[in-house]
Each structure stands twice: as C-alpha cells, then as structure tokens.
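The next block holds one structure in the form of structure tokens; read it before the comments.
Here, each number is a calculation from the coordinates, and none is a lab measurement. As the structure is a prediction and not an experimental result, all values here were calculated from the model. Cβ atoms come from the backbone with ideal geometry, glycine included; neighbour counts cover every protein chain shown.
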Amino acid sequence: MGCCGDDDGDLLDQLVPPESDTHTSFDHNSSPSASSFAEEVVISPMNSNFAALVSKDLLRAILELLPPQDLARSACVCRLWRAVASEREMREKAFRSPWKVRRVLGDPSSALFWGHSRLDRFAISHRLRRGDTVAGLALRYSVQVMGIKRLNNMMSDHGIYSRERLLIPVVKPELLLNSTCYVEFDEQAKREVAVLYLEGGPDEKTNNLTNRAAFTERGKRKILNSLRRSMQVDVETAEFYLSFSNGDPRAAMMHFSEDLRWERQKREHYLFS
C-alpha cells in the first residue's frame, strides 16, 4: 500500500488495475505506455483497484484534495470513507485550503460549519475605540456600510455604542493568506464565523462577548443610550421597551415601531372619520 509520502505516479499505479484484469487486451507493440494509459483512465470504483482505497493513508492523500462539498459527499460511500472524511483535520483543511489560511483554531457548534468555505465565513475583529463610526470603519477597511451592519446584526449606526467590538467583512482574500483564525460565536452579531485578528489575538475580555451571562450594568447603559438615540425618546421609554423585550434591543425597536405605526393609524382614522 502506498502512503501519503508517495508521489502521484505511485498512487495511480495502485488505483489502475493490472492489464490482465481488464477485459480489453492491448497489443504491446502498438499500445501506449503505462504512464499515458494511467493519464487517460478515469479512476472510479467501477474500473479501479478499489481494494487499494481501504488504506486510510491513501484515502487521506486523495480526500484532502477535495473541496468541502465533495468531501461531505465522499462520507456517503462507506463507513471507512465516512470515518476519514469526518476527521476534524480533514474538514478543517478543506475549509481553509481555498483561502490558504494556515490554521483555524476552535471547534464550531456544529460540524456543518466546515461544509461551506465561502469568504463570508470569515470576519475581521475590530476592537472599538473612542471616535469610531460605522462609516469610518467602512472607509478604513474598504467595505460597505451595509455589509458591516448586516454582519453585526445592527439596525442603525447607533448600535456601535453598545458594543466592544465589531466584525468586519473580509473582502480581500489576501488578508487570509498564511493567517490564523479562531472559530467564535459573537453573541451580539448572533453568528458563528472564523475570526481574523489583525492586531493581537483573542483574550479573556473578547471571549466574554460570547458568554450569554455576561450582561454588565455598563453594557446595559450603552444599549439604553443607543436605543434612546435610535428611538429619539427619553431613557425611561427606552428602558421600558428594552425590559418588555427581555433585553433584546432588536426586538425593542420592533415593538416601538409597531406602537408608532398603531398610533399613526389611529390618528389618521380620527382625522378622516
């Protein structure tokens, strides 16, 4: 059996069946060389030495060349293929190889995360500083304002005041070249992505962003101020809607908008009745 260190010719020699096993006989004086024959043959379980594929080393050498979607399909062939194709190292490599990422650290909440290696599966972590604005960050990273708001689940620019960091869409694949990314679930963005840190790396303070229990008084005050600006109301009104929505600022804005719409309809009804 070959191993991962064998060259491509050795792998093909193991997969292509011997000439004596084929139904067609070849004239040795006029037949092509063995190497040219191997190049023309389409290898499949129907015409190959399928028994050679029971070697895990050989399977890894082949399956690691597949994109994530095809790697997932290969897991349906048999139990052995499923065991090899389901290895974390195999899935991670298929996920990061298209973008030449060096490592992806951390385990996603579901193995389905590895199934789609799109660029929008990656994001840049930006620690917010005084004076940062969504428009300014969009200009700095050469991305669209709506792209930042959509990725971070923000309804308005004022949502920046209730956060300690923002996720920035990756639009330049070269930023991922030879990089290390971290699989994280951002609680406020409510999405799981492979995060790239251009400055430093994840620390305890950043990891607390994914902790659902971490809801400090300071964070609550930021959310209240953000809601107050978005609703253009006083703090007490913003606090009422936030409490009514169990601390979810997005739901609070939806309830507030519905109440405004109801009041507008009532006013129009009385004016024209």
If packing is taken as the average number of other Cβ atoms within 10 Å across a peptide's residues, how do 75-88, 168-181, 149-162 rank, most packed first? 149-162, 168-181, 75-88
Report, by chain and number, residues whose modeled amide H sits under 5 Å from the one on Ile124, excluding near sequence neighbours (fewer than 5 apart, same chain). Ile168, Val170, Leu196
Subset of Lys100/Lys190; Lys100/Lys220; Lys149/Lys172; Lys93/Lys190; Lys222/Lys266; Lys100/Lys149 violating a 30 Å alpha-carbon distance limit: Lys100/Lys220; Lys222/Lys266
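How charged is the neighbourhood of Thr237? Take every other residue with its Cβ under 11 Å from the Cβ of Thr237, and add Lys/Arg as +1 and Asp/Glu as -1. Each step should come with its number before you reach the end.
Values: positive: Arg228; negative: Asp234, Glu236, Glu239, Asp259.
Local net charge: -3.
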Backbone HN-Hα couplings from phi across the range 149-160 [Karplus 6.51/-1.76/1.60, Hz, Gly and Pro as x]: 5, 5, 5, 9, 6, 9, 8, 8, 5, 5, x, 5
Could you work out how far apart the two model spin labels at Met146 and Trp262 are, taking each label as a point 7 Å from the Cα in the direction of the beta carbon, and quote it in nm? 3.1
What is the range 217-272's relative contact order, in percent, from Cα pairs under 8 angstrom and six or more apart in sequence? 23
Put +1 on the Cβ of every Lys and Arg and -1 on every Asp and Glu Cβ in the range 217-272; which of Leu260, Gln232, Phe272 then has its Cα farthest towards the positive end of the dipole? Gln232
Pull up all non-local amide H partners of Leu105: gap of 5 or more, or a different chain, and H-to-H distance under 5 Å with H placed in the peptide plane. Cys181, Tyr182, Val183
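Cβ neighbours within 10 Å, averaged per peptide: list 120-126, 59-65, 131-137, 260-266 in order, most packed at the top.
Values: 120-126: 21.1, 59-65: 17.1, 131-137: 13.4, 260-266: 10.0.
Ranked by mean Cβ neighbours within 10 Å, highest first: 120-126, 59-65, 131-137, 260-266.
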Could you tally the net charge around Leu166, taking each other residue with its Cβ under 10 Å from the Cβ of Leu166, Lys/Arg +1 and Asp/Glu -1? +1
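Round to the nearest 0.05 the FRET efficiency obtained for His255 and Phe185 when R0 = 35 Å and r is the Cβ-Cβ distance. Intermediate results must be reported in sequence, preceding the final value.
Numbers: r = 26 Å, r/R0 = 0.74.
The pair His255/Phe185 has a calculated efficiency of 0.85.
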